[in-house]
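Structure first, then comments.
Bear in mind these aren't lab numbers, they're just calculated from the coordinates by the rules spelled out. Note that this is a predicted model, so its numbers are computed, not measured. No Cβ is skipped: glycine too gets one built from the backbone with ideal geometry, and neighbour counts run over all protein chains shown.
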Amino acid sequence: MGAGSSSISGLSSNEYLQRFVSPEIITPNDPFWNQVLSFTFSIPNSSSDYRLLEESLTSLYEELVKNYATSGNVASLIHVFLSRATELKASTQCENNVFTWQAYNALFIIRCICKLLLQHLPESDVIEVLQTGPASASESVAGDDNSTLVEELVTSLVEVIVDVPLVDLTYALHHEATTALIVLTSALVFSSGDVCHLAVFKMLMTGRASIHACLFVKTLLKRFMAQDKPPAKNEGGSVVLGLASGLWNVLTFGLVGSEETTKKGPESPLATQSILLLLVLANHCTADRNIRNPYRQALLHAQNFHDPAESTPTQAVATFKLEFATLYKTLYTHLQEDQTTLVLYLLLHKNEDFRTYVLSRTDMENLILPILRTLYHAPDSTSHHIYMSLIILLILSEDDSFNKTIHDIPLKNITWYTERLISDISLGGLLILVVIRTITYNMTKMRDKYLHTNCLAALANMSSQFRSLHPYVSQRLVSLFETLAKRHARLCESLRQADYMYEDSENDIPDALSDVSVLEEVLRMVLEILNSVLTHQLSHNHNLVYTLLYKRHLFIPFSTHPNFQDVTQNIDVVLSYLMGRLETTKRDPGVQDVQEVIQQGVLHLPKDRLKKFPELKFKYVEENEPEEFFIPYVWTLVYQSSGLYWNPESICIFDPSQPDG
């Protein structure tokens, strides 16, 4: 990794690195640093490359841990970076690229050291390694207070991201600063305990870095919104006369701009790292009342740039303004990614201004269709991604205008829905189809009670606004009830048989009773949804009524069941009334005859014959301790998407062998 080095395999024998990890004291102003930081090594840009890099550094790492207290060289390197970082903004304006080059290389070495240390040592020991000066006081850096050196580093990284202009030659530096902060906050991944007791998180939440929280969150969001690609290679050679020919490639992220890089990782590595870091900051230290998370607060109080309302001076939380239109477009364009879905969830659930903006959009299909596509291809997605997608639908379904609008948005030729060719359907109809399909998938594959609950809650919220349902949607809705009814009948029969053979089956009875209880909750919910449609939108759902008439035998057993007879009452009234009108028509009425009876009958059915029920309304509420879900989830995303190598044997907070961690 020293000057002239270009091969991972040669790092362990590199003379500069061997000297760096030796007991020899190298002060921050030693000419050695200009040499070691002038390398042209191609930086890895995939987890497999980083794994090779870490394995090649094993012997050097062992020497470093053995000698750091004597030499203090790690602290010296941090001082070198800090000295160059203070000049970065000015040097960028003056196009002095040497500072950028050396600051980037210094930060890359620091980040590699931190990564290796955190995988093997507690955070307190890592901080000791990073800021321990040389054993010889006479050789130490005069006037430096190493007790706060790590906080200086953390603050400097935040300031680099918010202050240094993003141009071609600083792209890699911004990416490295963002990645370094992800690494510095990763101690929790390799240990168990309270995240707010970790020193780096305290520095970020309550230290000097926190004063930049509002601007920092805005910058990370703008990086995500911009989706800037790494600058292309300069085929003409060196950019600045007199610098090494590899400088451009070093400063522009190694192999950027090449076809190989596009295949290996995301098109915008900086956007990916920025959104991952934002998720790390926004989802930690949210449960401790003694620590206020300024990054989460900033994210959840972001305002639309075009909103004339200004924050009042008495408002306790600092806010910033952002182009919601650009953010909205970026979100729906990248919703196939787990991390984007999680950001959308946070904004919709916690940021009232953004939720209001989204609900006012007239192109709602752009946001909903990617979510439905994720749910439709559930086997190809993680359970977390499915879960968060459903919660987003549930949050949106809490709004009556959304529930009404989606049935007014026509769709044509949804090519990814392959079960049946549907040439003309509303967005609301497609949403119902996909949610029903998710329920069916969950029953056979995942068997997650909470997933069922969220699916049915979303359908229940929307049910009073179901209008002009497509015949296929009506069939699928009633078929869902039929599937559940058949399963309920089988379970009840099994219980009766088990009760008859009690002595041999008593251990199975509690489980069977539990299954019946859960299934009856789901069945009742489906009946309530059907009841809601008939109560509020009877005249607008001829296709659903036709399907109910065709399958009316399914509801007979439930009309006398004590757990269901109240919610089947209106279904019985409607179907009995229409059957009575059918009996006065032709002896063998055809499809057209039945449809005409329905169209006229639903208009003349006396409304007072239908029992009134409270409108179905469900509101999403986070669990009491959301960090138990979100922290492992966020680090699973970092593990999968950051491009870094994380030794799976060292990870404690999630299972790397599982798709969802």
### Task
Rounded to the nearest 10 degrees, what's the angle between the helix 383-397 long axis and the longest principal axis of the chain, both from Cα atoms, 0 to 90?
60
### Task
Just grab the label-to-label distance for HIS306 and VAL162, each label 7 Å out from Cα along the Cβ direction, in nm (one decimal).
2.8
### Query
From the phi of every residue in segment 296-305, what ³J(HN,Hα) in whole Hz does the Karplus formula 6.51 cos²θ - 1.76 cosθ + 1.60 yield, where θ is phi - 60° and glycine or proline is x?
5, 4, 5, 4, 7, 10, 4, 10, 6, 4
## Note on the structure
Inter-part gap, Cα centre of segment 348-383 to Cα centre of segment 171-221, in whole angstrom, is 28
### Pairwise label distance in nanometres, GLU623 with ASP363, each label 7 Å out on the Cα-Cβ vector
3.7
### Query
What residues have an amide H closer than 5 Å to that of ILE425, excluding those fewer than 5 places away on the same chain, when H is modeled at 1.01 Å from N in the peptide plane?
LEU411
#### Entry: the chain - charge dipole about Cα centre, Lys and Arg +1 at Cβ, Asp and Glu -1, debye rounded to 20
2240
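List the GluC sites (Glu not before Pro) in segment 362-468 that DSSP assigns to loop (not H, G, I, E or B) and whose Cβ has at most 14 other Cβ atoms within 10 Å. Which are they? Don't skip to the answer; put the middle values down first.
Numbers: sites: GLU365, GLU398, GLU419; in loops: GLU398, GLU419.
Sites meeting the loop and neighbour criteria: GLU419.
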### Task
Would you mind working out the magnitude of the charge dipole of segment 362-609 relative to its Cα centre, with +1 at each Lys and Arg C-beta and -1 at each Asp and Glu C-beta, to the nearest 20 Debye?
780
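Is the shape of segment 362-609 best called rounded, prolate or oblate, per the rule: a/c under 1.5 gives rounded, else a/b larger than b/c gives prolate, else oblate, with a ≥ b ≥ c the square roots of the Cα gyration tensor eigenvalues?
Numbers: a/c = 1.95, a/b = 1.07, b/c = 1.83.
Note, shape of segment 362-609 comes out oblate.
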#### Entry: Helix 73-85 vs. the chain, principal-axis angle (Cα, 0 to 90°, nearest 10)
80
### Unit charges on C-beta of K, R, D, E only; dipole of segment 522-661, Debye
1160
#### Entry: Dipole of the chain [Lys/Arg +1, Asp/Glu -1 at C-beta], most positive-end residue of LEU331, LEU121, CYS285
LEU331
### Message
What whole-number distance in Å separates the alpha-carbon centres of segment 21-90 and segment 587-659?
### Response
49
### For the chain, calculated [θ]222 nm from helices alone, where every DSSP H run of n ≥ 4 adds -39500 (n - 2.57)
-18500 deg cm²/dmol
### Summary
Along the dipole axis of the chain (charges at Cβ: +1 for Lys and Arg, -1 for Asp and Glu; origin at the Cα centre), the most positive-end residue among VAL522, PRO410, GLN18 is PRO410
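When a/c reaches 1.5 or more, the comparison of a/b and b/c decides; with that in mind, is segment 559-661 rounded, prolate or oblate per its Cα gyration tensor? Before the final figure, lay out the partial values.
On the way: a/c = 4.53, a/b = 2.96, b/c = 1.53.
Prolate.
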### Task
Could you list TYR345, TYR104 in order of exposure, starting from the residue whose Cβ has the fewest other Cβ atoms within 10 Å?
TYR345, TYR104
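Please rank MET364, MET462, MET579, fewest neighbouring Cβ atoms within 10 Å first, as an exposure proxy.
Details: MET364 19, MET462 28, MET579 13.
Lowest to highest Cβ neighbour count: MET579, MET364, MET462.
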### Query
Mind listing P(r) for segment 616-659? All alpha-carbon pairs, 5 Å bins, whole percents.
5, 18, 25, 18, 11, 10, 6, 4, 2, 1
### Query
Which is farthest toward the positive dipole end of the chain among VAL602, THR453, SER48, measuring Cα position about the Cα centre, with Cβ charges +1 (Lys, Arg) and -1 (Asp, Glu)?
VAL602
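Here are some pairs, LYS115/LYS229; LYS321/LYS350; LYS321/LYS619; which of them have Cα atoms lying more than 22 Å apart in this structure? Don't skip to the end; give the middle numbers.
Details: LYS115/LYS229 25 Å; LYS321/LYS350 16 Å; LYS321/LYS619 28 Å.
Violating the 22 Å Cα-Cα cut-off are LYS115/LYS229; LYS321/LYS619.
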#### Entry: Rounded, prolate or oblate (a/c below 1.5 giving rounded, otherwise prolate when a/b exceeds b/c) for the chain by Cα gyration tensor
prolate
### Query
What angle, in degrees between 0 and 90 and rounded to the nearest 10, separates the Cα long axis of helix 58-71 from the longest principal axis of the Cα atoms of the chain?
60
